[in-house]
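Working notes, beginning with the structure itself.
Read-outs throughout are calculated quantities, based only on the coordinates presented, and are distinct from any laboratory measurement. Just so you know, these numbers come straight off a predicted model, no measurement behind them. Counting neighbours? That spans all protein chains shown, and the Cβs are built from the backbone with ideal geometry, glycine included.
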């Protein structure tokens, strides 16, 4: 006869542990997002292994949520890494395209200034003289857009004697005397100040054609001005 006071048999105790691989996957995933994809790849590996082991353990292992989070962060770190590489490859091209567009605007500014000079000649002083400065184009009313005096690539334009911001220098500022219309048309007339554009400057000539010139070519054009007698020998553009 069974003893009514006997104790029931003890139930089996199942110890549940957290998967170390799941923890590692989460930590590596966070590191991958913060520091780059180097930690993202092992985060993915640990995450997949952890999920498999948790499934096989039939409840003896926990950490499925951490493993999934580690996988998500690991894959995210790789996506971020590849987007960073793509951006790094595209940025120089985008920068070059932006600078090219600004250079086009700059050359158009110079072209408009040249046209304004021709308008000044046609409407002032019997058509014999060029203006004495870029300021005079505005003061005379021939030019009505002061913004044409600045290049979009110039972060630090200077002021003309008349107080306008400008990115350009011109032959009128350095001429030894008032320029008449009979001087050679192949002389450089207006150009960028030094350092605005890489590897050279935009320039417009007295005959109204524009071009981009290297620094070496610019110095040759300055030497041409000097030899023509148009510029003073003591105050040359740099």
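Key figures
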read-out	value
As computed over the stretch 26-117, the Cα convex hull volume per residue (Å³)	85
Pairwise centroid distance, computed over Cα atoms, of the stretch 98-131 with the stretch 174-231, Å	13
Taking 230, 72 and counting other C-beta atoms within 10 Å, the order from fewest to most	72, 230
Computed [θ] at 222 nm, helices only, for the chain once each DSSP H run of length n ≥ 4 contributes -39500 (n - 2.57)	-17000 deg cm²/dmol
Approximate shape of the chain as ellipsoid semi-axes (Cα gyration tensor, √5λ), whole Å, largest first	80, 16, 12
Rounded FRET efficiency, nearest 0.05, which uses the C-beta distance separating residue 94 from residue 140 and R0 of 45 Å	0.65
Highest-MSF residue in the chain out of 186, 126, 173 [GNM, Cα springs under 10 Å]	126
Folded to 0 to 90 degrees: helix 20-35 orientation relative to the chain principal axis, Cα	10
The chain: most fluctuating residue of 207, 135, 182 per GNM, C-alpha cutoff 10 Å	182
The stretch 146-224: C-alpha gyration tensor shape, a/c 1.5 cut-off, then a/b vs b/c	oblate
Ranking of 211, 66 by count of other Cβ atoms within 10 Å, fewest first	211, 66
Residue among 170, 46, 106 with the largest mean-square fluctuation in a Gaussian network model of the chain, springs linking Cα atoms under 10 Å	46
Residue-span extension gain [residue 228 to residue 86] - 0.36 nm each, minus C-alpha spacing	45.9 nm
Distance in nm between pseudo-label sites at residue 105 and residue 178 (7 Å out along the Cβ direction from Cα)	3.7
Extension gain from residue 18 to residue 48, taking 0.36 nm per residue of separation minus the Cα-Cα distance	9.3 nm
Per-pair calculated FRET efficiency, R0 = 30 Å: residue 123 and residue 199 via Cβ, rounded to 0.05	0.20
Rounded to 10°, Cα long-axis angle of helix 215-228 versus longest principal axis of the chain	10
